[in-house]
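Below is one structure, written out as structure tokens; the observations come after it.
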Ligand SMILES: [Fe+2]
């Protein structure tokens, strides 16, 4: 290895960072056991801080899998996804994927992790007033027939969704309650979990798959008309017409919609 | 013209002085509901550099009650790769929104262009590093449109290539960039022990007229002491604080506690101790 004196500061920092990230890496030339002892402190602090930061977001998931399994998973995540961003919150990004890879026999773990991640995102999402049914009614009163088909919606910042195969809502509530017993968390049919923010509080609901698809489409910029066509394919004409209205009503009632455009 | 810049001291009363605490989540309710007897609070800037939501709302409510200092941990003023534009932009947005007494960060580096350690990593004290740090400070102060404070860090190793002491580095940095100093007395104590230098030499070597704030904190003992902010301030740090306060002009003093955070009254008692020591030190002739 080249002597430290001939390295630029940038090169020294790259080497120092590599030392922090990899505790097997050979020490640079000229470093003494005293340097090694110092580096140990930086390595430990780095790992401990990130494992704790991930736990801040995934508190219930950590409780669900147990402390030892959580620590192993978080340590694995930190090694495979060393943080790049200045915000420590991002250290927790992608952890549900890591959970999916590690807990293949317990797929509810990754779903629960996703729920906690989404609620954490919603917690600090931009502030916005949801549109209520009355306000929507005012806008829609001026709609011509064809405006309904071309209507597009925007949703509250922080709105997220995921197809789920376990009742993670039940799990989430039980894990927040010291007294609660482990609930039955299988689902008879897959659902979608939707997360958004009500005032300053992140909330979620579990809805049927067709509603999840409808939301996914409209969040992606599809028109109400396109959404209705998809509902017809899934549910048949008669049910689709009733459901399209019911879904829109539910989103308004729950305060998911930020604005409407014809 | 009379301005009231708490940094330059261009006001009738001189630079801002007083005693404060860090605003931490566990004490949000105390600060929102009660009249907590502090002169200011210090917040970790990054916790509020978010789009919206409850933390920002609470910060604004506390700000309506008292002055706020923004203390950052992620500027990475010593990064050879330069400063992160997105970070500076968000920091400025928060400063414009909160109107803090001042904005501070640490003399250290935290990131390369590829990775972020989320830790305060040590700089070699070389002329190359000094030039780089001064360029970065100029960039940060110009972007923010205000002078900043930089804090001496705790460190756990020094480098074979060091060309000057930490205090010589800090003195030159402050002189060249016009930045002010945040003197962390615990960090002096910890680093003096870890690297075998004299804490008093450190104090004597600094341009003390540039110090606008003092940090006090607890650390973890060992062959290498670690800056953990998880226990009360120790006697050795109180002694060093008393010595520092005999030499310093008006400054803001605050106690940092980030782990094993006790109920607020306990921290207020510790802060009271700081106020008493400061008062006693002032009565003595400058050392
Ligand atoms: Fe400090």
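For this structure, a couple of remarks:
- Residue B:69 meets all of the listed conditions (1) buried (at least 22 other Cβ atoms within 10 Å of the Cβ); (2) within 14 Å of chain A (Cβ to nearest Cβ); (3) in contact (Cβ under 8 Å) with a residue 60 or more places away in the chain but one, namely (2).
- Number of the exception - residue B:162 against (1) in contact (Cβ under 8 Å) with a residue 12 or more places away in the chain; (2) part of a loop (DSSP other than H, G, I, E, B); (3) within 9 Å of chain A (Cβ to nearest Cβ): (3)
- Residue that is farthest from the ligand (Cβ to nearest atom) [pool: residues in the range B:222-235 that are free of Cβ contacts under 8 Å to residues at least 12 places away in the same chain and farther than 18 Å from residue B:273 by Cβ]: B:223
- Taking the range B:113-138 as the range and being crowded, with 21+ Cβ neighbours inside 10 Å, without any contact (Cβ under 8 Å) to a residue 40 or more places away in the chain and more than 21 Å from residue B:195 (Cα to Cα) as the test, only B:117 passes.
- Test: residue in the range A:245-258 that is assigned to a strand (DSSP E or B) and farther than 30 Å from residue A:105 by Cβ: yes
- Of the residues A:182, A:165, A:186, the single one that is modelled with pLDDT under 95, in contact with a strand residue (DSSP E or B) (Cβ under 8 Å, 6 or more places away or on another chain) and not assigned by TED's automatic domain parsing to the domain that holds residue A:58 is A:186.
- Count of the range B:53-80 residues, restricted to those that are within 16 Å of the ligand (Cβ to nearest atom), in contact with a helix residue (DSSP H, G or I) (Cβ under 8 Å, 6 or more places away or on another chain) and either at pLDDT below 95 or not in a loop (DSSP other than H, G, I, E, B) (or both), is 2.
- Look at the range A:142-171: where a residue is at positive phi and touching a residue at least 40 places away in the same chain (Cβ under 8 Å) and a partner is surrounded by fewer than 17 Cβ atoms within 10 Å (Cβ to Cβ) and outside any strand (DSSP E or B), sitting 6+ places away or on another chain with Cβ atoms under 8 Å, you get A:158/A:126.
- With respect to the conditions (1) surrounded by fewer than 17 Cβ atoms within 10 Å (Cβ to Cβ); (2) in a helix (DSSP H, G or I), residue B:281 falls short on a single one, namely (1).
- Where residue B:226 falls short, out of the listed (1) surrounded by fewer than 20 Cβ atoms within 10 Å (Cβ to Cβ); (2) within 28 Å of residue B:9 (Cα to Cα); (3) touching a strand residue (DSSP E or B) at 6+ places or on another chain (Cβ under 6 Å): (2)
- Within the range B:183-221, considering residues that are within 11 Å of the ligand (Cβ to nearest atom) and within 14 Å of another protein chain (Cβ to nearest Cβ), the one nearest to residue B:254 (Cα to Cα): B:219
- Of the strands (runs of 3 or more DSSP E) that lie entirely inside the range B:99-159, those containing 1 or more residues that are within 14 Å of chain A (Cβ to nearest Cβ), within 20 Å of residue B:208 (Cβ to Cβ) and within 16 Å of the ligand (Cβ to nearest atom) span B:103-106.
- Verdict on residue B:38 being out of contact with any strand residue (DSSP E or B) (no Cβ under 6 Å at 6 or more places or on another chain) and in a loop (DSSP other than H, G, I, E, B): no
The values are calculated or read from the model by the stated rules, or taken from the named source; none is laboratory data. All of these numbers come straight from a predicted model, not from anything done at the bench. Quick reminder, even Gly has a Cβ in these numbers, built from the backbone with ideal geometry, and neighbours come from all protein chains shown.
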